[in-house]
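The values are calculated or read from the model by the stated rules, or taken from the named source; none is laboratory data. None of these values were measured; they are calculated from a predicted model. Don't worry about glycine lacking a Cβ; one is built from the backbone with ideal geometry, like all the others, and counts go over all protein chains shown.
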Amino acid sequence: MATLILVLIVISLLILVHEWGHFYSARKLGVKVEEFGFGFPPKVYAKVKNGVRYSFNLLPFGGFVKIFGEHGEGEQDPKSFISRPAWQRFIILAAGVFMNLVLAWVFFSVGAGIGVPQVEDEAGSGAPVSIIGVLAGSPADTAGLKFGDKILEMRAEGASLRIESEKDVRDFVDAYRGEEVTLLIRRGNAVQEIKAVPRPNFPEGEGPLGIALARLTVKRAPFYLAPWEFENACGEC
C-alpha cells in the first residue's frame with residue numbers, strides 16, 4: 001500500500017510539473033489561460049485570480065491546464081493559442097516536457113547529494129560485505145538480521161574470521177551448519193553481535209542463513225554531473 005501511495009504521489013508530481021510548464025510559458029507569451037486544475041473533476045473549490053480559474057478537484061492525481069484556443073477556437077483573437085506563430089505554439093507545447101526534464105535533474109541532484117548505494121564488483125576494493133536481502137522465516141530473519149547490515153566478522157566455537165568478501169561469509173557458514181555462529185555487524189553507526197544457526201538442510205536457492213550479499217558503496221556526485229554519473233552507474237550494474 002505504501003508503495004502504491006508513493007507511486008501515485010510521484011505520478012501526480014510529474015503531471016503537475018508538466019502542466020505548470022504549459023501554464024507558465026503560455027502566460028509569459030500572453031496566451032490566455034482559462035484554468036489550472038489541481039487534481040481531476042468533480043470540482044470541489046475554485047477561485048479566479050488574474051483572469052485564471054484555479055480549481056481544486058476531488059481526485060488528487062496530478063492536474064490539468066486549459067488554454068484558450070488549444071482546440072482551435074478564437075482564431076482571430078490575439079490571446080488565443082491557435083492564433084500565435086508556430087514557434088510560440090511549439091514553446092508552449094514543449095514546455096511541459098522541458099519541465100519534466102528539469103524535475104528529473106532535480107531528483108538526480110538530490111540523489112547525488114544524499115548518495116546512492118552501488119554494488120562494488122572490484123575485488124579488494126575495501127567495500128564492506130552487506131546484506132541486501134533476508135528471506136522471511138529464515139535463520140537470518142529469526143535472528144534479526146536486516147537489509148543493509150554490514151558483516152564485519154564471523155565467529156564460532158574456537159574460530160573467527162574477518163569478512164572481506166561474500167565468499168568468506170559463504171565458506172564460514174558452510175563450515176558451521178547446524179552450529180551457532182556469531183555475526184559482528186555494523187547497523188548504522190552501531191556495531192553489534194547477532195547469533196544465528198545456519199540450517200544443515202535448506203530449500204534450493206535459499207542458503208543456510210537465507211541472506212543475499214553484496215559489497216556496497218555509496219556513490220555521490222556534484223549536482224551538475226548527477227544525470228550522467230548515475231546513468232553510467234546503472235549501466236554497469
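Remarks
- Options PHE64, PHE56; residue that is surrounded by 13 or more Cβ atoms within 10 Å (Cβ to Cβ), touching a residue at least 40 places away in the same chain (Cβ under 8 Å), of a type outside the set (D, E, K, R) and in a strand (DSSP E or B): PHE64
- Of all residues making up region 141-167, the number that are under 28 Å from the mean Cα position of the chain (by Cα), in a strand (DSSP E or B) and of a type in the set (Lys, Arg): 1
- Test: residue in region 122-138 that is closer than 24 Å to GLY51 by Cα and modelled with pLDDT of 90 or more: no
- Whichever residue in region 190-237 is assigned to a loop (DSSP other than H, G, I, E, B) and at pLDDT 90 or above and, among such residues, is surrounded by the most Cβ atoms within 10 Å (Cβ to Cβ): LEU209
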